[in-house]
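Notes for the one structure printed next.
The values are calculated or read from the model by the stated rules, or taken from the named source; none is laboratory data. Given the structure is predicted, the values throughout are model-derived calculations rather than measurements. Here the Cβ positions follow ideal geometry from the backbone for every residue, glycine too, while neighbour counts run over all protein chains shown. For the accessible areas, the whole protein counts, side chains as well, though only heavy atoms, and no ligand, DNA or RNA atoms are used. Shrake-Rupley method; radii C 1.70, N 1.55, O 1.52, S 1.80 Å.
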Amino acid sequence: MKGRLLPRRELTLGEEDAMYDVFREHFDSVTRDRFQKDLDEKNWVILLSEQPGGSLLGFSTLHFYERIFNGRPISIVYSGDTIVRATAWGRSVLSQAWIGSVNYLRRKYAKERLYWFLLVSGYRTYRFLSIYCRDFYPRHDRPTPAPTQDLMDFLARDRFGPLYYQEDGIVRFGAPQILRTELRGIPPGRLASPHIAFFARKNPGHEGGEELVCLADLSYENLTPAGRRMWDAGERDLQLAQRDP
C-alpha cells in the first residue's frame, strides 16, 4: 500500500467520489454537500491505495496554513478527516505517509515552528499522539503549560469561533460527524491505557461527535522513536505532488 500527497485542487471527481464512499462506510448521516464543504476547506490530501490507480483504501485531508501568534509567524497542520478501510487496519502505511507528508510540507513551506492542530472524537486518533509524539496536550500525566494552552485557545477560537467551549477544551458542532454504531465507543479493555482513560474523561461526549482540541509540536526532537522511524522513511516512500496548491 502506498500513499500519494497532492494538492486538493488536483483531485479528480472520481477520486472525490471514492473518498466519499470510504467516508460513508464509517460515519452516519453525513451528506455529500457536508463532506464536500469540509474537503474544500483543506489544501492537501493523502490518498492510500495498494498500487497507483488502484481502489482507494484510505485518505487524510490537511490544511497547511500560517498565523501570527504573539508577534511571531507559526505554521499549522490542521488534520481533517483521516479514514482507512477495515481491510487495511493494522497497517502503518497511513501513519508513515502522513508523517512523510508533514515532513515534506515542513521543509518546503513552514515558518519558524510547525504545530499539529487537531480535533479528536475517537480514542484511536488520540492514541496516535502518544505513539508518535513525546509531548502533546492535553494529556493525563501533566497539566497543559499556560503558553501551550494559550496557543490552543487561539487556534480553536480562530477556526471555530463560538463552537469552541474553552472551559472544556471541546468543539461542539451543530451537526457533528458521528461514527457508525459498530465503530463508536471505547472497548472496556482499552481503558487500561492511561492515555485512553484520560481521553474518555476529558471528552465524555465523544460518542455524540464532540471534539477534543489537541496540539503537538511537529519537530524531529518531539517525535518518539516510532515517530522518527516514520519521519525518516515516510517521505522516501511517498508519491509527491508535482505542483503546488
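Projected over all directions and averaged, the alpha-carbon convex hull of segment 60-157 occupies 7.0 nm².
For the chain, give the percent of accessible area contributed by carbon and sulfur heavy atoms, probe 1.4 Å, rounded to a whole number. Each step should come with its number before you reach the end.
On the way: 5830 of 11770 Å².
Its accessible area is 50 percent carbon and sulfur atoms.
The base-10 log of I(q)/I(0) for the chain, evaluated at q = 0.07 Å⁻¹, reads -0.22 [Debye formula, identical scatterers on Cα atoms, solvent excluded].
Need one word for segment 141-226: rounded, prolate or oblate. Basis is the Cα gyration tensor (sqrt eigenvalues a ≥ b ≥ c); a/c below 1.5 gives rounded, then a/b vs b/c decides. Please report the intermediate quantities before stating the final value.
Numbers: a/c = 1.86, a/b = 1.09, b/c = 1.70.
Oblate shape, in that a/c is at least 1.5 and b/c is the bigger or equal ratio.
In straight-distance terms, cross-link reach from Lys42 covers every one of the lysines whose alpha-carbon lies under 20 Å from its own, apart from those fewer than eight places away in the same chain; here that gives Lys108, Lys111. Take the chain with all the other protein chains still there, run a 1.4 Å probe, and you get 48 Å² of accessible area per residue. Ranked by the mean number of other Cβ atoms within 10 Å of their residues, highest first, the peptides 139-147, 167-175, 59-67, 16-24 come out as 59-67, 16-24, 167-175, 139-147. Using the alpha-carbon positions of segment 1-41, Rg (one decimal) and Dmax (whole number) come out as 10.9, 30 Å. Distances between placed amide hydrogens fall under 5 Å for Gly3 paired with Gln239, all partners being 5 or more residues away or on another chain.
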